[in-house]
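Encoded as structure tokens, the structure appears first; notes follow it.
The values are calculated or read from the model by the stated rules, or taken from the named source; none is laboratory data. Source: prediction; values computed, not measured. For neighbour counting, all protein chains shown are included, and Cβ atoms are generated from backbone atoms with ideal geometry for every residue, glycine included.
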Amino acid sequence: MMRILLLAAALALSACGLRPMYAEGSSGGVATSLRAIQVQPIPGKAGWLMHKALVQRLGEGGGESRYRLEVELDDNITGFGIRGDSAATRERRTLRARYRLVDLSNGAVVLDATAGSDAGIDVVSSQYATIAAEQTALERLSEVVADQMVGRLAMFATRTGGR
């Protein structure tokens, strides 16, 4: 009886229509579409980190670009947890990205979305340690936001069939 239930469950799952996004590997439609995205330069240190993370995740184009990715970043540090002497004991670093995917054949914006994340930072007595923590948070946030963006771009490529 248990074997019949397991067999029925396996058949039901295989018929649900779900399939892996990167099923065909680096030669598949999604990976090929992602490599056809040209990432525009993004100003500032956060922009450099974001650009580097996006290029690393999208892969080397090698061929002709079909899309242009335009990214605007908002990097903000807010102090809170105020002590009696008005000094902050915690900071929150927030990185938000508004990005647009532009079809190079006609200039149309085919995807307009946002991504973002934040990180908490302890403010300690050593200014160097606090600055290092802020930098590490920015590096980590750039990676997280780039992952969000590439996931959304991959979903777009899946929906459009790589066109």
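Worth pointing out:
- Residue check, GLU143 of a type in the set (Asp, Glu), modelled with pLDDT under 95 and surrounded by 14 or more Cβ atoms within 10 Å (Cβ to Cβ): no
- Selection status of ALA133, of a type outside the set (S, T, N, Q), surrounded by 13 or more Cβ atoms within 10 Å (Cβ to Cβ) and modelled with pLDDT of 90 or more: yes
- Qualifying residue in segment 75-87 (condition: under 21 Å from THR158 (Cβ atoms) and surrounded by 16 or more Cβ atoms within 10 Å (Cβ to Cβ)): no
- The one condition in (1) part of a helix (DSSP H, G or I); (2) surrounded by fewer than 16 Cβ atoms within 10 Å (Cβ to Cβ) that MET149 fails to fulfil: (2)
- Filter result (in a loop (DSSP other than H, G, I, E, B) and among the polar types (S, T, N, Q)) within segment 75-107: SER86, SER105, ASN106
- Options VAL71, VAL110, VAL55: the member that is surrounded by 14 or more Cβ atoms within 10 Å (Cβ to Cβ), among the aliphatic types (A, V, I, L, M), in contact (Cβ under 8 Å) with a residue 24 or more places away in the chain and not in a loop (DSSP other than H, G, I, E, B): VAL71
- Residue check, ALA12 among the hydrophobic types (A, V, I, L, M, F, W, C) and at pLDDT below 95: yes
- ILE121 meets all of the listed conditions (1) touching a helix residue (DSSP H, G or I) at 6+ places or on another chain (Cβ under 6 Å); (2) among the hydrophobic types (A, V, I, L, M, F, W, C); (3) within 16 Å of HIS51 (Cα to Cα) but one, namely (3).
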